[in-house]
Amino acid sequence: MSGFDAIGLEILSNALKSINDECFVALMKASYSTNIKERHDHSTAIMNRDGRLIAQADMSLPIHVASMSGLMQCVRAKYGDDIHAGDLFVANDPHVAGGTHLPDVNFAAPVFVDGRLIAFVCNIAHHADIGGMAAGSMSGGMTEIYQEGLRIPATRIGKRGEIDQEILDIFLLNARAPKERRGDYYAQIAAARLGERRVTELGRRYGAEGVGAGFQELLARSAARIADALKIVPDGVYRFRDMMDDDGVATQDIVFEVAVEAKAGRLTFDFAGTAPQTAGNINLTLNATRSAVIYALKALLDPYAPNTQAVIDCVEIEAPSGSIANALFPASVAGRAHTCQRVIDVVMGALAPALPDRVPAAPNGANTMAVFSGTDPRNGEAYVYLETIGGGSGGRPSKPGKDGVQTGITNTSNLPVEAIETEYPLMVLEYGLAPGSGGAGLHPGGRGIRRVVRPVGHRCTFNGVGERFRHAPWGLNGGAPGGPGRFAMRSANGDETPLPGKTGDLVVPEGGAVLVDSPGAGGWGKPAGGAEG
Amino acid sequence: MAWTVGVDVGGTFTDFHARDDATGREVVFKRPSTPTDPGEAILSGLKALSAAHDVPLEAVTRVAHGTTVATNALIQRRGARIAAVATQGFRDLLEIGRQVRPHMYDLNLDKPEPLAGPALRFEVAERLDYRGEPVTPLTDAEAARAAAEIAASGAEAVAICFLFAYLNPAHEQKLAAAIRERAPDMRISLASDVQPEFREYERFQTTAINAYLQPLTAGYVERLAVGLREIAPMATLGVNQSSGGLMSPVRTSAYPVRTALSGPAAGAVGAAHIARRAGRPNVATLDMGGTSADVALITDGLTEIAFQRAVAGFPIRLAMVDIDTVGAGGGSIAWFDRDGLMKVGPRSAGAEPGPACYGQGGTEPTVTDANLVLGRLAETGLLDGAMPLRRDLAAAAIRPLAERVGVSLEAAALGLLAIAVANMTRSVRRMSVERGRDPRDFALMAFGGAGPLHARDVAAELGMADVLVPPAPGIVCAEGLLVSDQKEDFVASQRLPLAEASLEAARAAVAGLTADAAAWFAAEDLPDAGRTLELALDLRYVGQNFELITPVAAGPAIGPADLPGVDALAALFFAAHDRAYGFHDPAAAIEIVNFRMTARGRLYRASDPPAAPDAAATPVSVGHRPVWFTPSGPVEAPVYRREALSPGLTFEGPAIVDQLDATTPVFPGDRVEVRADGSLLITLGGGGA
């Protein structure tokens, strides 16, 4: 008997949510990066004394939750009991510190009550730059982690309430625009300290033992809830195979294979047969693979289950060492988001026969990115405009897919056309749904998005990272595949020249324009009559 | 005699608050609402009010109205069949929106279907650049072609939104004229009128909603105005806007989207008025009804304003009173989630069947049932016994909870209330702590039928020192309408660097707004004496994607000369940035994005304060009942009638204060002071938390 019943536990859980949300907003407000302030590419969480996830902010991102949990395991392993009130830990490295790519920097603060460690307060944020060979630390063409930026192992940056400025100076020296990064680091530190204060207040109210018992009970109930959900999957072995187009450097047709074994409510995901890690930066550490698998499972079985360690750990995941789903040092990983989308697709594809009334056809399955850069003729200043573009969502057993929407592991918004044209010397000629890109079906797939952009008064450079240009989003249950993505150069007279799915440093002349079509999505079920889309 | 009447239409009741401007005499009145035509209850209610309280209808000079007609039409998707017209290449803007989905994990939860289907989305060959200059001029032939198609489309209303037309409305206006020629009866909403601001999707969506609501709302307001003229020929009608402040029926018909939050805004305006009058200008409001609770912050006697909010899943970008709504009301139902944790709301038993204790067939346990089990509500119920409550049914509904959790009936009821309180506490934290304000600097003002029952627990949870209960907690919205100004917001969207070189253009923008405001004052025929203007600028750092609305001047008349200099504007922006984000950068470049002018005409005249009270020594109770304040057991609490508590009186809990439409439990150790305006100020003591 923990002393917490269904009522007391709900009130504790509400208090934890409130703390996480307050830290989330505090971090957002105090940060400097557009990524954090406006796109909310950050998350906050509370862990128990063993570093196990108890609660997260509502708006936390799935991949961040895995990273925060990964950092905690490294901190516990490295520092053991040598953790004291006022300490603050930081890390970002995917290979040695539980991260998934370098721009995501993790902070964790221990919380003590009456001299006893009761919890950790964590936050993670995507910095606009973490150093490395290209501005933004996210470009294609990087083939090992060293090129991607500063690697931070689990490090004690705060000791007994004081920040170690010398460590922070190393971080800042390794980032472009260090003044802005200083703002982001301080925002993260302040959010961690705020969370520490709030959890301390909670600890005083419930006592160290009470908090520990409440956390245990929350984990136990969460474990029971997710175990119930897993039982929905009938026993059997379910396999699926899909392919990514390429890594943008050397490898094409990158195979993903998964075998899902369900046996009396226990699920194992085996990625044997999945391609070796690539030279290009689309590799996943096992933590990133896990976050994508868990995303797919939650979406299919219990979308409103709170994320806890019990949810993260609810299934076994095996992926061959050195495969793209379990990449080893020194793999480059910055573009992991595309690959996470593909892991979600193969997991959903595998479970489709097991959960025929839940699994939709393949969504656009990409994280289509378009970057325009150059020198603004109006003021002679360099500019970079980056956008990730949504696509179709798959036709569903109960209804059609949605047109033009983010799917899977991402949910970031677009930039208004009026903002693009005011801030950059660019003109958007067309912004709409890509015609014909929704896969036909009883419930058609959603359409992708078309964006046509022209440089104004100068020539600009285009970098594009697309996926599902050659391997279209699959249909399900007789539905047709969705339209693939495509990039093209449109000349002044309207002729179109196709561009590769990973287009690097293409010069767009004045009068020319670049067309970006993000992929549509697969249809579900045999079309009733004529084709659709 | 010159009577003013505030009328707030709620889901269950239509509330009236009438006041004689000459004598200060006030009358409150309630009638059941008539949802199919809300105007019916207003007109018949006015007649009944007149008869019952000796208020001659020919002496009514103003009727101020808070309405949910627009909100409900949007939620229930009962608006017009609309056409949506965009710049060529952008017909899908409404469909794509911001390309985000409403929930990260739920694969079946979708953003709402666009208000204009694919067959009613039109493109027009025209284009302005980012300075508002034509790149592709709209030709007469193209305007004629598009207008003919739109006129023949079968749409009842049309929304037109061209890129950058907030800088130059010529193309939108040209197409509107062409449509009007062919379809004189079609209602036309131009984005450059409805919301002339940067960001095409939000502007288009706001305009589309306006068009969608126009036929219905215009019909309603025009019918109501005619009906009112028949029974009260001297009365002018004002409709409350989401930002607080009234507008005329003509403007309501033109801009119905501005009434999307008309009702809740009236509550916040009423609360601000009562807060000022009670001498506590800083309050957080807890307006708790049957299905939800609204929380707003009032600072220095003023409501805080937000500039975007979702209604029925659609973003509306207009000035609105900043309100957070949480699914915690008297009818909120307790249930167990899949992990076994107990939750309360957002599902509600509503008015039909209502809580189990209403005896109308409801069996699920609600907040009201818990209050009855604990003795905080009496079995005689609300409305002076006209609506008795059955404790046996309440207990039967709560008992399964108690059995499942393994606690006593009363512990389960206290737990149910504690969860509802935790949800409201989070909401107050969102509105205060997350906006850089400390809730301990505020009193908690409780109103709505259920607010006073729970405010004490919410206040204790947040460390707030006291709770303020208005004299008539059930009709704060109607009171807000009574005291509202006539108001209009003007905006000019123009991006300028904050620099000396921009000041000429900036002054020109202000001059334009001043002229707009002068024209509006004249058109509305508002007395000179009560006219005020407020000028604010939307400022941001260059490169930021969000603005801070920074008030820069206010007074009876504002012209270009009142625009402060560059340094003064920067200082105001720094202070706003500090408040919102905790820091500012003195070296970074700042830009102006929008100029905003708010024009107000004061209509309400405060009367003399009520006569000094005869301080009664002790209150006289009308009985006792056992009340569970804490899990340790019931306490015999004296019951007082609210109308018997005169100003100046003080007493300590435990006690229960009953009135027509609200009950206030006073916890043991808490101290009540009846303020001069009749409000109860409850100072929290040590016990009972």
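The values are calculated or read from the model by the stated rules, or taken from the named source; none is laboratory data. What you see is a predicted model, and the numbers here were worked out from it, not measured in a lab. Positions of Cβ are generated from backbone atoms using ideal geometry, with glycine treated the same way; all protein chains shown enter the neighbour counts. The protein model used for the area step is the full one, side chains on, heavy atoms only, and it has no ligands, DNA or RNA in it. Shrake-Rupley method; radii C 1.70, N 1.55, O 1.52, S 1.80 Å.
Placing a label point 7 Å from the Cα of A:L355 along the Cα-to-Cβ direction, the residues of segment A:275-307 with a backbone N closer than 12 Å are A:293-305. Counting Cβ atoms of other protein chains within 10 Å of each residue's Cβ and taking the mean over peptide A:13-21 gives 4. Of the whole protein surface, B:I549 contributes about 60 Å² of accessible area at a 1.4 Å probe radius.
Shown for segment B:325-383: the carbon plus sulfur share of the solvent-accessible area, taken with all protein chains present and a 1.4 angstrom probe, equals 52%. Straight Cα distances below 13 angstrom link B:K174 to the aspartates and glutamates B:E126, B:D140, B:E142, with same-chain residues fewer than 8 positions distant left out.
Is the shape of chain A rounded, prolate or oblate, going by the alpha carbon gyration tensor and its root eigenvalues a ≥ b ≥ c, with a/c under 1.5 for rounded and a/b larger than b/c for prolate? Cα axes put chain A in the oblate bin.
Between A:E201 and A:D253, the simple label model (points 7 Å from Cα in the Cβ direction) yields a spacing of 6.1 nm. Could you tell me whether the protein assembly as shown comes out rounded, prolate or oblate from its Cα gyration tensor? Rule is a ≥ b ≥ c as square roots of the eigenvalues, rounded for a/c under 1.5, then prolate if a/b exceeds b/c, otherwise oblate. Oblate shape, in that a/c is at least 1.5 and b/c is the bigger or equal ratio.
What size of dipole, in debye to the nearest 20, comes out for the protein assembly as shown about its Cα centre when the only charges are +1 on Lys and Arg C-beta atoms and -1 on Asp and Glu C-beta atoms? Dipole magnitude for the protein assembly as shown comes out near 1260 debye.
How tilted is helix B:200-231 with respect to the longest principal axis of chain B? Cα atoms for both, answer in degrees (0 to 90, nearest 10). On a 0 to 90 degree scale, this one is about 60. Counting protein heavy atoms only, segment B:623-689 has 57 percent of its accessible area on carbon and sulfur, 1.4 angstrom probe. With the dipole of the protein assembly as shown worked out from charges on the C-beta (+1 for Lys and Arg, -1 for Asp and Glu) around the Cα centre, which of B:L138, B:Q544, B:G406 lies farthest toward the positive end? So the residue we want is B:G406. Determine the alpha carbon to alpha carbon distance for each of A:K298/A:K399; A:K37/B:K487; A:K29/A:K159; A:K37/A:K78 and list only those over 27 Å. A:K37/B:K487; A:K37/A:K78, as the Cα separations exceed 27 Å there. Exposure check, 1.4 Å probe, all protein chains in place: A:D228 carries approximately 90 Å² of accessible surface.
For the set A:F240, A:F107, solvent exposure ranked by accessible area (probe 1.4 Å, protein chains only) runs largest to smallest as A:F240, A:F107. In this simple spin-label model, placing a label point 7 Å from the Cα along the Cα-to-Cβ direction at both A:D169 and A:K526 gives a separation of 7.4 nm.
Computed over protein heavy atoms with a 1.4 Å probe, the carbon and sulfur contribution to the accessible area of segment B:474-590 reaches 59%. For segment A:216-265, the list of GluC sites (Glu not before Pro) that fall in a loop by DSSP and count at most 16 other C-beta atoms within 10 angstrom is empty. In a simple Cβ point-charge model (Lys, Arg +1; Asp, Glu -1; nothing else charged), chain A has a dipole of about 600 debye relative to its Cα centre. Projecting the Cα atoms of B:A235, B:F204, B:S262 onto the charge dipole of segment B:141-288, computed from C-beta unit charges around the Cα centre, puts B:A235 farthest toward the positive end. Over all other residues within a Cβ to Cβ distance under 12 Å of B:L57, the charged ones net out to -1, with Lys and Arg as +1 and Asp and Glu as -1. Think of segment A:229-279 as having a plus end and a minus end, set by charges on the Cβ of Lys, Arg, Asp and Glu; of A:A272, A:I232, A:A250, A:I232 sits farthest toward the positive end of this dipole.
Per residue of peptide A:412-420, the mean number of Cβ atoms on other chains within 10 Å of the residue Cβ is 6.
Chain B packed on chain A takes about 6300 Å² of accessible surface away from a 1.4 Å probe, both sides summed. Within segment B:267-292, what residues put their amide N at less than 15 Å from the label point 7 Å along the Cα-to-Cβ vector of B:T683? From segment B:267-292, the list is B:280.
Label reach from A:L328 (point 7 Å along Cα→C-beta): in segment A:271-306, amide nitrogens under 12 Å belong to A:277. Each residue was assigned an accessible area with a 1.4 Å probe, and for A:K29 the value is about 40 Å².
The magnitude of the dipole of chain B, with charges of +1 and -1 set on the Cβ of Lys/Arg and Asp/Glu and taken from the Cα centre, is near 740 debye. Taking a Cβ cut-off of under 15 Å around A:V453, the surrounding Lys, Arg, Asp and Glu residues balance to a net charge of -3, with basic ones at +1 and acidic ones at -1.
Tally Lys/Arg at +1 and Asp/Glu at -1 over every other residue whose Cβ is under 12 Å from the Cβ of B:F307; what's the total?
Result for the local shell: -3.
Helices in chain A, meaning DSSP H runs of at least 4 residues, each add -39500 (n - 2.57). Divided by all residues, the mean residue ellipticity at 222 nm is -9500 deg cm²/dmol. Based on DSSP H segments of at least four residues, each scored -39500 (n - 2.57), chain B has a per-residue ellipticity at 222 nm of -10000 deg cm²/dmol.
Looking at segment A:3-148, the accessible area is 26 square angstrom per residue; that uses a 1.4 Å probe and ignores ligands, DNA and RNA. Neighbouring Cβ atoms from other chains, within 10 Å of the Cβ of residues in A:421-433, number 5 on average.
Put a dot 7 Å past the Cα of B:E673, heading toward its Cβ, do the same for B:L109, and the two dots end up 4.5 nm apart.
Helix B:451-462 and the longest principal axis of the C-alpha atoms of chain B enclose an angle of approximately 80°.
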